[in-house]
1. Mind listing the Cα extents of segment 303-397 along all three principal axes, in Å, largest one first?
2. Along the charge dipole of the chain, Cβ charges K/R +1 and D/E -1, which of Gly342, Val85, Val304 sits furthest on the positive end?
3. Taking the chain as a Gaussian network, where each spring joins two C-alpha atoms under 10 Å apart, which residue of Lys357, Lys276, Lys337 fluctuates the most?
4. Cross-link candidates for Lys117: which aspartates and glutamates have Cα within less than 12 Å, leaving aside residues fewer than 8 places away along the same chain?
5. Using +1 on the beta carbon of Lys and Arg, -1 on that of Asp and Glu, and nothing else charged, what's the dipole of the chain about the Cα centre, debye to 20?
6. Can you tell me how much longer the chain between Lys276 and Ala172 gets when fully stretched, taken as 0.36 nm per residue apart minus their C-alpha distance, in nm with one decimal?
7. In terms of Cα to Cα distance under 21 Å, which lysines are near enough to Lys130, apart from those fewer than 8 places away along the same chain?
8. Relative contact order for the chain: what percent, with Cα pairs under 8 Å and sequence separation of 6 or more?
Amino acid sequence: MTFRICTVSLMLAALSTACAKSPTSPAGSTSVATPGPVSPANGAIVPNASQPVTLTINNGLVTSASAAVSYTFEVATDSGFTSIVSTKDVAQGTGQTSVKLDPLAPGRDYYWHARTKGDDTVGTFSAPIKFTIGSAVTLGTPVPVAPATGATSDQKPTLIVSNVSRSGPVSAVSYRFEIASTSSFATIVSSGTVAEGSGSTSFTSAVQLAADTTYFWRAQAIDATNNATSSFSTAQSFVTILSIDLTTVNYQRFVNIANWPITNRIISVDQDGGDKGDGHICIDHEKRGQWPTSFFEDNPLVPVEATQWYFARINGQWYGGAGEWLRPNQICKTGQKSPDIGKDGTWGGPMDTWIPKRGELVGYMISTPARAWPTWRTIDQRTAVVVQPWVENGIATP
């Protein structure tokens, strides 16, 4: 092998820089330098689903501006390159040069390097770079459950997806949820990653969103051990409604449910406190008939599954009171006319004299049996609070 000697009389300053890097010309007339590997970086783990892999280098320096420059990329299963699985020759790009590999077998280590060729001069290979292709794990796309497009939600929404299908040696699966202010998801306002649940997985935003605003959400399944990710679910939109910070509520007589986990969702609230009807309040929810029961006043003939709740804003302060009991699968109670709400609830002041007005914003919630007596309670779970105008005789405007 011969090395060219650089002198001021023979070469320009740029060429002197090339000589400082000891370019080699094993058998040709053009001096070349070894290219610099860029990606994948040494030790990189590439998810199998992200194949094909693209190898990228910083171009090697070549002394002749008119030389035809190309690069040879090799991939092997060993650092000595005795078992080469891919060889690619490509023309030089601008500044950097890349080549896209054919798919490689998953679940194993690989090594790559590259060398420069300028006209008839072939340079030396760069040092081996190791990367790993993840296991052949495939995750299906999460299917949104709630809130579906067009639905309303409180300001700390709970998002639910069905668990994904999967194949291969899947490890623990988690889900990343994202809430954005635009359908492009350019601005993420709340996000989080949670472990997979049973059958479905839910995430409750820790960020309180703005009221009366449209948001978009999506979710992605992740197997971190195998570096496998699914596609994002189809984006859904929802509109936030005014909600209540339950940690600031004054609870009337009964238990403080602010820290009870949200494991259920209200489907609809149908209420009318006018004098032309029966004063009904119907709160349908997803776990109707599924929660465990206790006995009203310890009477085994009266099983109760849930409790309706009212939240009233009085003089700037939110008050919360447990309302009517619900038997298994029951959603409606009557006798809830506007003048009767406060006195019927057996709450403390000032909620015991509260008479909601038509159009007044009132909060509604469903929980498991909620009384201070421990034997009446079950698993201490609840829905989020839904806030909507009070209805009298079918009218919800003041």
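1. Extents along the principal axes: 39, 27, 23 Å.
2. Val85
3. Result: Lys276 has the largest fluctuation of those listed.
4. Candidates past the 8-residue exclusion: Asp89.
5. Working: 27 positive and 29 negative charges, 157 e Å.
Rounded to the nearest 20 debye, it is 760 debye.
6. On the way: separation 104, 0.36 × 104 = 37.44 nm, distance 5.64 nm.
Stretched fully, the Lys276-Ala172 segment lengthens by 31.8 nm.
7. Counting by Cα, and skipping residues close in sequence, Lys130 has these lysines nearby: Lys88, Lys100.
8. Once divided by the residue count of the chain, the mean separation gives 12 percent.
Every number here is computed from the coordinates shown, using simple stated rules; none is lab data. Note that this is a predicted model, so its numbers are computed, not measured. No Cβ is skipped: glycine too gets one built from the backbone with ideal geometry, and neighbour counts run over all protein chains shown.
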